[in-house]
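A.B. asks: Structure provided below as structure tokens; questions to follow.
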Protein chains: 2
Amino acid sequence: MIDYIRDGAEIYRRSFATIRAEARLDGLDPVLERVVVRMIHACGMVDLVDDIAASDGFGAAGERALRAGVPILCDTSMVASGVTRSRLPAGNDVVCTLSDPSVRGLAAELGTTRTAAALELWRELLPGSVVVVGNAPTALFRLLELVEDGVAPPAAVIGIPVGFIGAAESKAALAEHPAALEHVVVHGRRGGSAMAAAAVNALASAAE
Amino acid sequence: MIDYIRDGAEIYRRSFATIRAEARLDGLDPVLERVVVRMIHACGMVDLVDDIAASDGFGAAGERALRAGVPILCDTSMVASGVTRSRLPAGNDVVCTLSDPSVRGLAAELGTTRTAAALELWRELLPGSVVVVGNAPTALFRLLELVEDGVAPPAAVIGIPVGFIGAAESKAALAEHPAALEHVVVHGRRGGSAMAAAAVNALASAAE
């Protein structure tokens, strides 16, 4: 038998205690603190907090929207798959439209990526929703374009695309956008579906 | 209209070019180079390569096994969801047993986490398979225990659990294990399902 901790609850407890001991979390409101801790838990890097930025109302707006039962709109199935259904306060729908059969044609028509084109199928669901982008910068840019086009905005945006081309720019565009969407971002190249799903899971429930 | 690159193929091309320009990839065999590039692509960090270690035969063994049609055994549904089915060379089964109804009882019986207990349902599939652990250190430890118990080993192990309690230790245990499993790991706390799925996707196909 190898010697390691097998008690899942104890692993969680010690993990969160380690994060709180090492990460600079002072000054964060309680909901955002919860979100940041769980994002760090998902990536193993306590310095992630240095790149995280959120609008003042993000935590309250996101939490309130989820409790009211709004849908959670995800850019990829990996993000959707990472949302823990039992944590959702109102059996919220978790939606990913990327594999809809119409998306390939829409992408060609709009001259954009499939991930961005998939947002066309969000138009009815978008107002008041919680949006989670964990992968594609083009999805985050497209969200801003939809809002500029006059679609009523989501209640909160978790904007954490990852990568080398457009990711940092898309997150800066969200953070600085005149529509002043409630948001959390990870500035720079870091991000990804695990972190994004972790942020939803933290917003959804205070349970650790 | 916001100004950004909308051509998915061009985004991929520039992303991989950026990674190859910035990351220290010399000395890696061609398959491992592909795996490392795609893992970096999934997390946005070119210094990830400094923490990646693989056995000499990992790339060839993993590629050969996938071409032969072995199943891909994943610790979480998020990893399974991140495997791009169209890249798989032989329509390989992608298996995650974590949500099987028997797992909760097995975990109580074995005194371990659900993620580790889920490996009990891998016993028949394990010999010659490709194992992917992107989340739970206890799953990786449990894999080593199954091999110590005499279960025939997988062909290759992608061992990339993330986090603060047991993650680094479980990856060190895999890398140093006397059974000498073919493996790739990310030493330290970093890891996660996105990176793990990216490693599978790179092993599965040379297409970028």
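None of the figures in this text is laboratory data; all of them are computed from the coordinates on show. Values in this document were obtained by computation on a predicted structure and should not be read as measured data. Note that we place each Cβ from the backbone using ideal geometry, even for glycine, and neighbour counts take in every protein chain shown.
A.B. asks: Give the range B:136-161 a look and list any residue that's more than 11 Å from chain A (Cβ to nearest Cβ), more than 18 Å from the chain's Cα centre (by Cα) and over 13 Å from residue B:122 (Cβ atoms), or say none.
C.D. replies: B:150 - this is the single residue of the range B:136-161 that is more than 11 Å from chain A (Cβ to nearest Cβ), more than 18 Å from the chain's Cα centre (by Cα) and over 13 Å from residue B:122 (Cβ atoms).
A.B. asks: Could I ask something else about it? Quickly run through the range B:22-58 and pick out the residues that are more than 29 Å from residue A:79 (Cβ to Cβ) and part of a helix (DSSP H, G or I).
C.D. replies: B:30
A.B. asks: Name, by its number, the condition in (1) surrounded by 21 or more Cβ atoms within 10 Å (Cβ to Cβ); (2) over 24 Å from residue A:168 (Cα atoms) that does not hold for residue A:58.
C.D. replies: (2)
A.B. asks: Conditions first: (1) surrounded by fewer than 20 Cβ atoms within 10 Å (Cβ to Cβ); (2) closer than 27 Å to residue A:120 by Cα; (3) in contact with a Leu (Cβ under 8 Å, 6 or more places away or on another chain). Residue A:2 passes all but one, so which condition is the exception?
C.D. replies: (2)
A.B. asks: List the number of the failed condition for residue A:196; all other conditions in (1) without any contact (Cβ under 8 Å) to a residue 60 or more places away in the chain; (2) closer than 24 Å to residue A:50 by Cα; (3) of a type in the set (A, V, I, L, M, F, W, C) hold.
C.D. replies: Evaluating residue A:196 over (1) without any contact (Cβ under 8 Å) to a residue 60 or more places away in the chain; (2) closer than 24 Å to residue A:50 by Cα; (3) of a type in the set (A, V, I, L, M, F, W, C) leaves (1) as the failure.
A.B. asks: Return the residues of the range B:6-24 that are aliphatic (A, V, I, L, M), surrounded by 17 or more Cβ atoms within 10 Å (Cβ to Cβ) and out of contact with any Phe, Trp or Tyr (no Cβ under 7 Å at 6 or more places or on another chain); say none if nothing qualifies.
C.D. replies: B:11, B:23
A.B. asks: What pairs can you find where one residue is in the range A:30-55 and more than 14 Å from chain B (Cβ to nearest Cβ) and more than 16 Å from residue A:18 (Cα to Cα), the other is in a helix (DSSP H, G or I) and among the small types (Gly, Ala, Ser), and their Cβ atoms are less than 7 Å apart, with a gap of 6+ or different chains?
C.D. replies: If the second residue must be in a helix (DSSP H, G or I) and among the small types (Gly, Ala, Ser), the pairs left are A:31/A:59; A:31/A:60; A:32/A:59; A:53/A:175.
A.B. asks: Looking at the range B:33-41, is at least one residue farther than 20 Å from residue B:130 by Cα and buried (at least 21 other Cβ atoms within 10 Å of the Cβ)?
C.D. replies: The answer is yes, given that some residue of the range B:33-41 is farther than 20 Å from residue B:130 by Cα and buried (at least 21 other Cβ atoms within 10 Å of the Cβ).
A.B. asks: Does the range B:164-184 contain at least one residue that is aliphatic (A, V, I, L, M), more than 12 Å from the chain's Cα centre (by Cα) and more than 27 Å from residue B:31 (Cβ to Cβ)?
C.D. replies: Scanning the range B:164-184, I find at least one residue that is aliphatic (A, V, I, L, M), more than 12 Å from the chain's Cα centre (by Cα) and more than 27 Å from residue B:31 (Cβ to Cβ), so the answer is yes.
A.B. asks: Among the numbered criteria (1) in contact (Cβ under 8 Å) with a residue 12 or more places away in the chain; (2) within 14 Å of chain A (Cβ to nearest Cβ); (3) closer than 24 Å to residue A:5 by Cα, which one does residue B:82 miss?
C.D. replies: (3)
A.B. asks: Right, another one. For the range B:173-208, name all the residues that are in contact with a His (Cβ under 6 Å, 6 or more places away or on another chain) and part of a loop (DSSP other than H, G, I, E, B).
C.D. replies: none
A.B. asks: Same structure again: Can you pull out the residues in the range B:156-193 that are of a type in the set (Asp, Glu) and out of contact with any strand residue (DSSP E or B) (no Cβ under 7 Å at 6 or more places or on another chain)?
C.D. replies: B:169, B:176
A.B. asks: Ok, one more. Taking into account only those residues within the range B:120-139 that are without any contact (Cβ under 8 Å) to a residue 60 or more places away in the chain and touching a strand residue (DSSP E or B) at 6+ places or on another chain (Cβ under 8 Å), which is surrounded by the fewest Cβ atoms within 10 Å (Cβ to Cβ)?
C.D. replies: Among those residues, the one meeting the criterion is B:125.
A.B. asks: Continuing with this model, one more query. Among the numbered criteria (1) assigned to a helix (DSSP H, G or I); (2) of a type in the set (A, V, I, L, M); (3) out of contact with any Ser or Thr (no Cβ under 8 Å at 6 or more places or on another chain), which one does residue B:132 miss?
C.D. replies: Of everything listed in (1) assigned to a helix (DSSP H, G or I); (2) of a type in the set (A, V, I, L, M); (3) out of contact with any Ser or Thr (no Cβ under 8 Å at 6 or more places or on another chain), residue B:132 misses just condition (1).
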